[in-house]
Amino acid sequence: MTSRYIAIDWGSTNLRAWLYQGEQCLESRQSEAGVTRLNGKSPEAVLAEVTQNWRDGATPVVMAGMVGSNVGWKVAPYLPVPAHFSAIGEQLTSVGDNVWIIPGLCVSRDDNHNVMRGEETQLLGARTISPSSVYVMPGTHCKWVQADAQQIHDFRTVMTGELHHLLLKHSLVGAGLPEPATSPEAFAAGLERGIASPAVLPQLFEVRASHVLGTLPREQVSEFLSGLLIGAEVATLSEQFAGQQSITLVAGSSLTSRYRQAFHAIGRDVAAVEGDTAFQAGIRSIAHAVAN
C-alpha cells in the first residue's frame, strides 16, 4: 500500500496542510498560525494541532515556506543557484522525527543578490506541469526564474505587489482615496504607460497629480497604478531575460490575467499554472519520495 505523508505550506501569516495517500489528497486543513503569529505556542505544538489524528511517528511531514526562515522553526539553508531541481528534495532540514523543511534558493553575485523561500517548491511542480525556460511567479515579491529541464540557473525579484500596497496605503499617491473600483480601462491605460516608459520613478507622482487635476477618477487610481507597475516590470525583466524561448506564469487567476495581458501587450504568449496546483505537485514529489 502506498505510504501516507503530510505536506505543509507554512508562511508568515497562515498555514495550510494536506494529508496524502500516494497521489490522493485525503483531507486538508488551514490555520492562521503563521510563523509570525504563533501567539506563544511552539512550532511543535502548532504542528501537532493542525495534524491531529493524521499521523503516527512513521508518517513523514514535509514543510515549505517561511517555516524555514530565520523567523521560523529552524533555518533551512538556501541552496545557491545554479542548482539541480533534484537537489531541493535531497537537502532537507530535519526538525523532528520524520519532520522536514525544504531549503530555499539564493543568488549571490556582484550583479544580483536574491533569495526565495516557498517558490522553489512551486517551481518543482510547475516544471512537470508546464516546462519552460522562464517562470514568472507574481505576488507581493514577483520572482522571474531562468531554468532548463534539469537546473535553476538564475532568478530576480521585483517588489511590484508590495510597492503597489505601500504607495496606496502609506504614501501621498494614495492619500484620501475612496475604495477602489474595478476598471479594466484604467488598468490597460496604466499598462500601456508602464510598458512605454518602464522607468516609473518620475511617473509615480503623476498618478497623484492626475487624480488631483481630475484626469484620472480617484476610485480608478489603484487599477491604473497596478497597470503601471506591472507594465514596467514586464517590460524591464523581459529585456533582461530576452532570448528565452518559453514563459510560464505561476500564480492565482487574478494575477495571471493581469500578467498575461502585459505579456500579450509586448507580443509574448505565455502558459499558466495555478500557484496552488504547482505548489502541491512540487511538495508531493518530495514528500512522496521521503515516504517511500
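The values are calculated or read from the model by the stated rules, or taken from the named source; none is laboratory data. Since the structure is predicted, the reported quantities are computational estimates derived from the model, not experimental observations. Please note: Cβ atoms are built from the backbone with ideal geometry, for glycine as well, and neighbour counts cover all protein chains shown.
Among the residues of the range 220-251, those that are acidic (Asp, Glu) and over 17 Å from the mean Cα position of the chain (by Cα) comprise Glu223, Glu239. Is the range 185-196 home to any residue that is surrounded by fewer than 18 Cβ atoms within 10 Å (Cβ to Cβ), outside any helix (DSSP H, G or I) and over 24 Å from the mean Cα position of the chain (by Cα)? No, that holds for no residue. Within the range 3-58, the set of residues being in a loop (DSSP other than H, G, I, E, B), in contact (Cβ under 8 Å) with a residue 60 or more places away in the chain and closer than 26 Å to Gly275 by Cβ comprises Gly11, Gly22, Glu23. If the condition is being among the small types (Gly, Ala, Ser), surrounded by 13 or more Cβ atoms within 10 Å (Cβ to Cβ) and either closer than 14 Å to Gln52 by Cα or modelled with pLDDT of 90 or more (or both), then the range 1-30 contributes Ala7, Gly11, Ala17.
Inspect the range 206-222 for any residue being of a type outside the set (Lys, Arg) and within 28 Å of Gly11 (Cβ to Cβ) and give the result as yes or no. Yes, the range 206-222 contains a residue that is of a type outside the set (Lys, Arg) and within 28 Å of Gly11 (Cβ to Cβ). Among the residues of the range 59-95, the ones that are within 21 Å of Asp276 (Cβ to Cβ) and in a strand (DSSP E or B) come to 4 in all.
When the criteria are applied in full, Gln146 fails the requirement of being surrounded by fewer than 14 Cβ atoms within 10 Å (Cβ to Cβ) and touching a strand residue (DSSP E or B) at 6+ places or on another chain (Cβ under 8 Å). Counting only residues that are under 26 Å from the mean Cα position of the chain (by Cα) and assigned to a loop (DSSP other than H, G, I, E, B), which one in the range 198-217 is surrounded by the fewest Cβ atoms within 10 Å (Cβ to Cβ)? Among those that are under 26 Å from the mean Cα position of the chain (by Cα) and assigned to a loop (DSSP other than H, G, I, E, B), it is Ala199. Among the residues making up the range 101-132, those that are surrounded by 23 or more Cβ atoms within 10 Å (Cβ to Cβ) and of a type in the set (Asp, Glu) are Glu119, Glu120. Would you check if Glu233 is touching a Cys at 6+ places or on another chain (Cβ under 8 Å), within 26 Å of Arg260 (Cα to Cα) and buried (at least 19 other Cβ atoms within 10 Å of the Cβ)? Judged against the criteria, Glu233 is a match.
Residues in the range 236-292 that are closer than 14 Å to Leu123 by Cβ, among the β-branched types (Val, Ile, Thr) and part of a helix (DSSP H, G or I): Thr277, Ile283, Ile286.
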